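Below: one structure, written as C-alpha cells.
The values are calculated or read from the model by the stated rules, or taken from the named source; none is laboratory data. Keep in mind the model is a prediction, meaning the values are calculated, not measured. Reconstructed Cβ throughout: ideal geometry from the backbone, glycine too, with neighbour counts over all protein chains shown.
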Amino acid sequence: MLTSMKSSATEEDRNAAANAPDVMGRVVQPHDQAWARSEPTTTKAGTASCIGSDMSIIGKIDCNGPAQVLGRIEGELRASDLLISDGAQVEGNIIAQSVTVCGRVKGTIRAIRVKLQNGGAVEGDIFHRSLSIDENSQFEGSSRRVENPTEQSSSVDAKGAQKSPQKKDLAPAPLPSIDAELTDSK
C-alpha cells in the first residue's frame, strides 16, 4: 500500500532538505574569525600570500602585504598582516602590524595588534600595543605593551642590557680577611 503526499514546498526547498545532512556538518564561523579559515584569504588589496599546509620553510621571509601560514616556518617572518592558521607552526621571530595566532608560535612576536584565538598557542615574548587572548588559547612567556613594538630599539631587552651589566659579568667583591682585621686593630 503506497500513499502519495503532496507538498507545498518548492523544488528548491525540497532539494535543500535532502541535502540537510551535508549542510549540518558545516560550521559557520563568526565574521571576526573568517580570517582563520584553512584556505587562502582575500583582502581588500587582493589575496594574501600563503605558505601551504604541505610546505616547510627554513629562512627569512619578507612579505610586503598580508600573509597566511598553513605549514611550518623556521626563521624570521615579516608581513603587514599575518595569520598563523590552525595546524601551522612558526619557530622564530615575527614582525607585523597585526598577527592572529590560531596555530603554534615559538619565538618573539612584535606587532601592533596580537590576537591568540581558536586554541592558538605562543611560547615566547610578545611586544604589542594591543593583545587579546581567547579562553581556549595558550600563552607561555612575557608580554610587554610598547608604543612602537615593531621597532627593535623599543625592546626591553635592548634597554635592559644598556642599563645594567649581566650577572655573569659581575665579579663578587673580595671578602675582607679576618687576619687583616685583627692586625689592624692592634
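When segment 103-136 is filtered for residues that are touching a Gly at 6+ places or on another chain (Cβ under 8 Å) and among the charged types (D, E, K, R), the ones remaining, listed by number, are Arg104, Lys106, Glu123, Asp125, Asp134. Taking each residue of segment 99-113 that is closer than 11 Å to Ile126 by Cα and looking for partners that are at pLDDT 95 or above and aromatic (Phe, Trp, Tyr) with beta-carbon atoms closer than 8 Å, six or more apart or interchain, yields Thr108/Phe127; Ile109/Phe127; Arg110/Phe127; Ala111/Phe127.
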